[in-house]
Structures are given as C-alpha cells and as structure tokens.
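Working notes, structure below.
Any read-out appearing in this document is the output of simple, stated calculations on the displayed coordinates, not a laboratory observation. Every value quoted in this text rests on a predicted model; they were computed, and no experiment measured them. We place every Cβ from the backbone using ideal geometry, glycine too, and count neighbours over all the protein chains shown.
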Amino acid sequence: MAWKPIGMPGRSLTTVALLLISALPVQSEGVPKRRIALDGQCALGWVYGHRILTDCTVTWLDPHNGETFCFTTRTARERFIRTSGENIERARAHYQSATNATGGD
C-alpha cells in the first residue's frame, strides 16, 4: 500500500515530518532549553568543593524543582543521585561559597 499525502499534495508523510522537525528551534550547545544548575559545572564535583567544567552531555533532571544538573560522567551522575537531596545541598553550599569568594555571579 502506498503512502498518501497528508495536507501537502505531492509530499510523503516522511517529508512532512522532516520539514516539521527541521523547523523546531535548537540551541547551538545541543542542550534543550532548561534551567541548568551550578552554571553547568559537574554537580558531584561541587559536592566535594571542586569546580569541574562539563559540556552537559550527561545530565539529571531534579523532579522536585525541574533543574538540570550536569556531570562529567555517568558514574558521577549515579553517585550524585544515590543521595540527591543531601548532595544538592552540599553542592549548592560549595558553589555559593566559591562564587561569593570570587565576587562571581
């Protein structure tokens, strides 16, 4: 059975789907627009007071506040999630201390 054009004469359903997908906005960083915690630095790093840059390809979405936390590895993410409530508090405290000390954000 042949595909019938839907809404766009002369175009297949696949073509229409590709046109719709290509019209969606995408951030240049490849990360969907969302609230990124700790300036996108590794959340587990901040638990221990270390500033570690990431590219935010490994993330975890906190179901309680909708913030996205970034990690350097999947292992770091899994360790962070085990006690996420406590780790979020520790990471925020170290992050705030460091940004206040440097006069940042």
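How long are the three semi-axes of the equivalent ellipsoid for segment 31-101, computed from the Cα gyration tensor as the root of 5 times each eigenvalue, in whole Å, largest first?
16, 13, 12
Measure off 7 Å from each Cα along the Cα-to-Cβ vector at residue 50 and residue 78, then give the distance between these two points in nanometres to one decimal.
Spacing of the two 7 Å Cα→Cβ label points: 1.9 nm.
Using alpha-carbon pairs under 8 Å, 6+ residues apart, how would you state the relative contact order of segment 31-101 in percent?
35 percent
Taking amide hydrogens as modeled 1.01 Å from N in the peptide plane, which residues meet the under 5 Å criterion relative to residue 73, leaving out close sequence neighbours?
none
Work through the residues other than residue 88 whose Cβ is under 10 Å from its Cβ and net out their charges, Lys, Arg +1 and Asp, Glu -1.
-2
I'd like the trypsin sites (Lys or Arg not before Pro) in segment 64-105 restricted to DSSP loop residues with at most 13 other Cβ atoms within 10 Å, sorted by number.
Sites meeting the loop and neighbour criteria: none at all.
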